[in-house]
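This report concerns only the one structure given below.
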Amino acid sequence: MALTPVVVALTASPLAARLADALGAPLHGRAGRVEAEVQFEDTLDHLRTLFAAGTPIVGICAAGILIRAVAPLLNDKRAEPPVIAVAEDGSAVVPLLGGHRGANALAGRIAEVLGVKAAVTTAGDLAWGFALDEPPEGWRLAEPERAGAAMAALLAGQGARLTGEAAEEARWLDGLPRGDGVEVACTMGPAIGAGLRFAPQRVTLGVGAARNCPPEELAFLVQAALREAGVMPEAIAAVGTLDLKADEGAVLALARDLGAPLRLFNAATLEAEAPRLANPSEVVFAEVGCHGVSEGAALALSGPEGALLVAKRKSANATCALALAPAPITELVGRPRGRLSVVGIGPGQAAWRTPEASRLVAEAEELVGYGLYIDLLGPLAAGKPRADFPLGGEEDRCRYALERAGEGRNVALVCSGDAGIYAMAALVFELLDRSENGVSDAARRAEVVVTPGISALQAAASRAGAPLGHDFCAVSLSDLLTPREDILRRLRAAAEGDFVMALYNPVSRTRRTLLAEARDILLKHRPADTPVLLASNLGRPQEQLTYRRLADLQVDEVDMLTVVLIGSSQSRIVQRGEGPRLYTPRGYARKVMA
């Protein structure tokens, strides 16, 4: 399991606290019923939020509640998190989902705490006590697409024949019935024709690369080293390199293609490996502060008892080396490449937040943002370190998040709406691009991911009907960063072009005139009865939608939480039983008439 499970209780019970303590998990409880670290009002919504984020769920409740909650989100069994139902009296433990992603093992731990037997229904677990497609830490299944047929043959009565130099190490396979039906190869090397191949991850790969090294050059060099050693890629526990290469494209592509984690080392750590290097280099030392990058990284990853398997191999722009650890590696040294996820959470409600946004927040080690936006995450923010910044502290907020990611942390920068629309994503990249008053070199080497969210523009449009059915634009009326004359020029151009227009940041306590000027500019180019929608607090309990004629738009009924949608000359309001609906025709009627 990648994430710590959450224990969810709907009624007060000593069992909930007992399980949470035993699992080292937070307790989430129904408000007004359960004293818990995190309380919630809507059970189904809360469970869906956790599931969408990939959080393992231990529900002390009826299995049907869990099933109804997550059923709309079921899609890919290879990606869904564990969901386990525990009877309120502790008499039953049932893994419902994620059996091969840790649910069966977690259910076993819970059952042991409660002194009962887990109701595991997965065939492999019932037959052998484990799942063949979920090997323990330090082992990797090669060609997992072949696992289904092999497991079916074993379950049908064909015994397993263990082969390979690592067969004696694979004690976790002792429960398999023996025979000649299915070959199960336990080896670091190729095993052609084997039904199943499990690689002990004892090999570590160290690499170095000149700036802008072609990815194919590094990949070819590594492939040659693996062939020389007789090692298949699945035996690689990790790829290591100097921290200055954290953003080197060839290195990142290599780790991704190998499916191996990337670990970074500073020069001092790699220099500590100098006595074990086969090819120390004074040239490398003069350039980066250590006598060897690829050999040093491979040895550092392999541990003090590891040894070089393939000494440094070199091409025009890259180096690589392999080391061998005495046993499968289950804990990695070095640090990961930091990641900053710039996350758009939409207007705030969980139903409008994308699963990717929820997952990135759940995976983050810490959260950064305006305090209100972090609060809107509800259970996803519970228990996480957070750095709250006030409105107006946008640059400090982004700089802080980047620097934390530059230290190797997984950070989520939380934005309302869409992170790339009048939000923090642009400022993040501006700081990365600045030559002065930007961020440190370490921060520049961090990974940056931007995930979309529902913008105020989209939310308002969906509530109204279909006002964006034809060409539209968005203009911010804040002159804090944009010169006032530029704003007016854009308003005049959009008015002349007859765009549907979304006005962001329409007013503030001190800025009260631009909205009226925008109205007057638009009235020169479209009718006085052009429909206008004032949408505030979208997706929240205080949501309010108000329709006006363009000529009747008043500044005093608009605030900073309002987005103003102004129709084009063709926009229309149609009255429906559920209320007025605003739309902008695309011209289909004209096409039919033609």
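The values are calculated or read from the model by the stated rules, or taken from the named source; none is laboratory data. Note that the structure is predicted; figures quoted are calculated from it, not measured. Cβ placement follows ideal geometry from the backbone for every residue including glycine, while neighbour counts extend to all protein chains displayed.
For region 345-381, the candidate set comprises residues that are part of a loop (DSSP other than H, G, I, E, B) and within 17 Å of the chain's Cα centre (by Cα); within that set, the residue that is farthest from Val70 (Cα to Cα) is Glu365.
Yes or no: Val231 touching a residue at least 12 places away in the same chain (Cβ under 8 Å) and in a strand (DSSP E or B)? Give the steps one after another, and end with the answer.
Numbers: touching a residue at least 12 places away in the same chain (Cβ under 8 Å): yes; in a strand (DSSP E or B): no.
It is false that Val231 is touching a residue at least 12 places away in the same chain (Cβ under 8 Å) and in a strand (DSSP E or B).
If we keep just the residues of region 26-56 that are charged (D, E, K, R) and either crowded, with 23+ Cβ neighbours inside 10 Å or farther than 23 Å from Asp76 by Cα (or both), which is farthest from the chain's Cα centre (by Cα)? In this case the residue turns out to be Arg33. Residue check: Met1 meets all listed conditions (1) under 22 Å from the mean Cα position of the chain (by Cα); (2) modelled with pLDDT of 90 or more; (3) assigned to a loop (DSSP other than H, G, I, E, B) but one, namely (2). Checking each residue in region 422-456 for being crowded, with 17+ Cβ neighbours inside 10 Å, part of a loop (DSSP other than H, G, I, E, B) and in contact with a helix residue (DSSP H, G or I) (Cβ under 7 Å, 6 or more places away or on another chain) picks out Val439, Arg445, Ala446, Gly453, Ile454.
Of the residues that sit in region 328-359 and are in contact with a Lys or Arg (Cβ under 9 Å, 6 or more places away or on another chain) and at pLDDT below 95, which one is surrounded by the fewest Cβ atoms within 10 Å (Cβ to Cβ)? Step by step, filter region 328-359, then rank; the result is Ala351. Kindly indicate which of Ala387, Ala419, Ala405 is assigned to a loop (DSSP other than H, G, I, E, B), farther than 14 Å from Ala362 by Cβ and either in the same structural domain as Ala461 (by TED's automatic domain parsing) or of a type in the set (A, V, I, L, M, F, W, C) (or both). Within the list Ala387, Ala419, Ala405, the selection yields Ala419.
Is at least one residue of region 191-206 surrounded by fewer than 22 Cβ atoms within 10 Å (Cβ to Cβ) and β-branched (Val, Ile, Thr)? Scanning region 191-206, I find at least one residue that is surrounded by fewer than 22 Cβ atoms within 10 Å (Cβ to Cβ) and β-branched (Val, Ile, Thr), so the answer is yes. Please go through region 457-495 and pick out each residue that is free of Cβ contacts under 8 Å to residues at least 24 places away in the same chain and among the acidic types (Asp, Glu). Of everything in region 457-495, those that are free of Cβ contacts under 8 Å to residues at least 24 places away in the same chain and among the acidic types (Asp, Glu) turn out to be Glu485, Asp486. Of all residues in region 368-383, those satisfying the criterion of being buried (at least 23 other Cβ atoms within 10 Å of the Cβ), within 15 Å of Ala351 (Cα to Cα) and out of contact with any His (no Cβ under 9 Å at 6 or more places or on another chain) are Leu377, Leu380.
For the subset of region 278-337 comprising residues that are assigned to a loop (DSSP other than H, G, I, E, B) and hydroxyl-bearing (Ser, Thr, Tyr), which member is farthest from the chain's Cα centre (by Cα)? Working first, answer last.
Of region 278-337, the ones assigned to a loop (DSSP other than H, G, I, E, B) are 278-281, 289-293, 303-306, 315-317, 325-334, 336-337.
Next cut, hydroxyl-bearing (Ser, Thr, Tyr) only: 281, 315, 330.
Details: Ser281: 40, Ser315: 35, Thr330: 23 Å.
The qualifying residue farthest from the chain's Cα centre (by Cα) is Ser281.
Return a yes/no flag: does region 275-286 have any residue that is of a type outside the set (Ser, Thr, Tyr) and touching a Pro at 6+ places or on another chain (Cβ under 7 Å). So that I can check it myself, show each step before the final result.
Here is the first cut: in region 275-286, the residues of a type outside the set (Ser, Thr, Tyr) are 275-280, 282-286.
With the extra rule that they be touching a Pro at 6+ places or on another chain (Cβ under 7 Å), the set shrinks to none.
Looking for residues that are of a type outside the set (Ser, Thr, Tyr) and touching a Pro at 6+ places or on another chain (Cβ under 7 Å), one finds none in region 275-286, hence no.
Step by step: first the residues of region 39-62, then only those that are of a type in the set (Ser, Thr, Tyr) and in contact (Cβ under 8 Å) with a residue 60 or more places away in the chain, then the one that is nearest to Leu96 (Cα to Cα). Which residue is that?
Thr55
Has region 540-554 got at least one residue that is within 38 Å of the chain's Cα centre (by Cα), touching a residue at least 12 places away in the same chain (Cβ under 8 Å) and surrounded by 18 or more Cβ atoms within 10 Å (Cβ to Cβ)? No, there is no match, as no residue in region 540-554 is within 38 Å of the chain's Cα centre (by Cα), touching a residue at least 12 places away in the same chain (Cβ under 8 Å) and surrounded by 18 or more Cβ atoms within 10 Å (Cβ to Cβ).
Tell me whether region 474-482 contains one or more residues that are more than 26 Å from Arg540 (Cβ to Cβ) and not β-branched (Val, Ile, Thr). Can you show your working first?
Initial filter on region 474-482 (more than 26 Å from Arg540 (Cβ to Cβ)): 479, 481-482.
In the following step, the residues that additionally are not β-branched (Val, Ile, Thr) were identified as 479, 481.
Yes: one or more hits.
The residues in region 47-77 that are aliphatic (A, V, I, L, M) and either part of a loop (DSSP other than H, G, I, E, B) or touching an Asp or Glu at 6+ places or on another chain (Cβ under 7 Å) (or both) can be counted, and the count is 4. Working only within region 311-327, note down all residues that are of a type in the set (A, V, I, L, M) and either surrounded by fewer than 24 Cβ atoms within 10 Å (Cβ to Cβ) or under 30 Å from Ile454 (Cα atoms) (or both). Of everything in region 311-327, those that are of a type in the set (A, V, I, L, M) and either surrounded by fewer than 24 Cβ atoms within 10 Å (Cβ to Cβ) or under 30 Å from Ile454 (Cα atoms) (or both) turn out to be Ala311, Ala316, Leu324, Ala325, Ala327.
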